[in-house]
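The values are calculated or read from the model by the stated rules, or taken from the named source; none is laboratory data. Keep in mind the model is a prediction, meaning the values are calculated, not measured. Here the Cβ positions follow ideal geometry from the backbone for every residue, glycine too, while neighbour counts run over all protein chains shown.
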Amino acid sequence: MQKVIKTASQLEKMRIACALTKEVLDELERNIKPGITTKELDTIARNLIKKQNAKPTFLGYNGYPAAICASVNSQVVHGIPNDKILQEGDIISIDCGVTYNGFTGDAARTFAVGQVSEDAQKLIDVTKQCFFEGIKNIKCGCYVGDISYAIQTYAEKNGFSIIRELIGHGVGENLHEYPEVPNYGRMGEGAKLYAGMTIAVEPMVNMGKKEIMFLSDGWTCVTKDGLPSAHYENTILITDTGVEILTL
C-alpha cells in the first residue's frame, strides 16, 4: 500500500472536518443523561451535521443506517442507535465521522451516564489514557507498532484487555485509508510514519477478556463475557517533531 501524505490545502480541509466532528461529540456529551435514547442522540448528531453543511460519514457507509455508532456497556463498537433508553450507571461509546469538502474527521468517546461504578470509570479513564500513551513519543520516522505497543502495555498494566479484530486506520478523503493501526503489537513493526500522514488512533479496551463477537444485525460488536468495553479515538496528524490532534 502507498503512504498517503496530505498537502497543506488538504490538511486545511481535514482540520475543518475534524473540528466539526469534535463539535458533534461535545454536543452529544451535553445531552447524555439517564432517560435519553440512542436514537435521540443520533437525531441530534444528524441535525448538527446538517447545520454544519457537512455529511455524516457513517450514514450509508457499507449500508450502515445511522450517523453515529452508539455502543452501550458490553457493546464494543458499531452499536446501531435505537429506542433503548440510557439508564443511570450505563457507559456509552459514541463514534462519529463528519465529511466536509471531501475530507473526513473521525473520533470517539466513552461517556458515563449519570453516576457509574468505580470500575466503569476506571475503564473509561484508562481507555482515554491509552490513546495519549500511544501517541506520546510519536513523530515522523516512528512506526505504527510504537503506538500499538504503548496502548497495549498501558491497558494490560491496568488489568484490562485489548481487542485484536478491530483497529485504527488512516483517514482523509476516505474513512479508511492506509495504514492499519492495531492497538497491540511490537515497537519498530508495522508501517513507517511520515510527516503529513493523518491516522485515527482508537483504543478499544475490555474490562474482562479480549474476545468479541458480532450480533445478528451484522454491525454490533459485543464482548463475549458480557463485561463493559470502552472506546476512545482521535484523528491525528504526524509531524516532523510529534503529532497534532485534529479532533481535540
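Odds and ends about this structure:
- The residue that is surrounded by the most Cβ atoms within 10 Å (Cβ to Cβ), among those in region 171-196 that are under 14 Å from GLN10 (Cβ atoms) and touching an Asp or Glu at 6+ places or on another chain (Cβ under 7 Å), is VAL171.
- Subset of region 202-231 (residues that are assigned to a strand (DSSP E or B) and touching an Asp or Glu at 6+ places or on another chain (Cβ under 7 Å)): ILE212, HIS231
- For region 51-77, filtering for residues that are within 19 Å of the chain's Cα centre (by Cα) and not in a loop (DSSP other than H, G, I, E, B) leaves 12.
- Filter result (outside any helix (DSSP H, G or I), of a type outside the set (S, T, N, Q) and surrounded by 14 or more Cβ atoms within 10 Å (Cβ to Cβ)) within region 22-50: ILE32, ILE36
- Among the candidates TYR194, TYR149, TYR178, residue that is touching a helix residue (DSSP H, G or I) at 6+ places or on another chain (Cβ under 9 Å) and among the aromatic types (Phe, Trp, Tyr): TYR149
- For ILE199: the one exception among (1) part of a strand (DSSP E or B); (2) of a type outside the set (Asp, Glu); (3) surrounded by fewer than 16 Cβ atoms within 10 Å (Cβ to Cβ): (3)
- Residue in region 5-23 that is closer than 16 Å to HIS231 by Cβ and either in contact (Cβ under 8 Å) with a residue 24 or more places away in the chain or hydrophobic (A, V, I, L, M, F, W, C) (or both) present: yes
- Condition met for THR110 (outside any helix (DSSP H, G or I) and either closer than 17 Å to ASN206 by Cβ or among the hydroxyl-bearing types (Ser, Thr, Tyr) (or both)): yes
- Region 107-139, residues that are in contact (Cβ under 8 Å) with a residue 40 or more places away in the chain, closer than 21 Å to MET187 by Cα and out of contact with any helix residue (DSSP H, G or I) (no Cβ under 8 Å at 6 or more places or on another chain): LYS128, LYS139
- Of the residues examined, THR104 is one that is touching a residue at least 40 places away in the same chain (Cβ under 8 Å), in a strand (DSSP E or B) and either among the hydroxyl-bearing types (Ser, Thr, Tyr) or surrounded by fewer than 21 Cβ atoms within 10 Å (Cβ to Cβ) (or both).
- Taken over region 6-21, the criterion of being farther than 18 Å from ASP106 by Cβ and part of a loop (DSSP other than H, G, I, E, B) is satisfied by THR7 alone.
- Residue within region 158-166 that is in a loop (DSSP other than H, G, I, E, B), at pLDDT 95 or above, within 16 Å of the chain's Cα centre (by Cα) and of a type in the set (Val, Ile, Thr) present: yes
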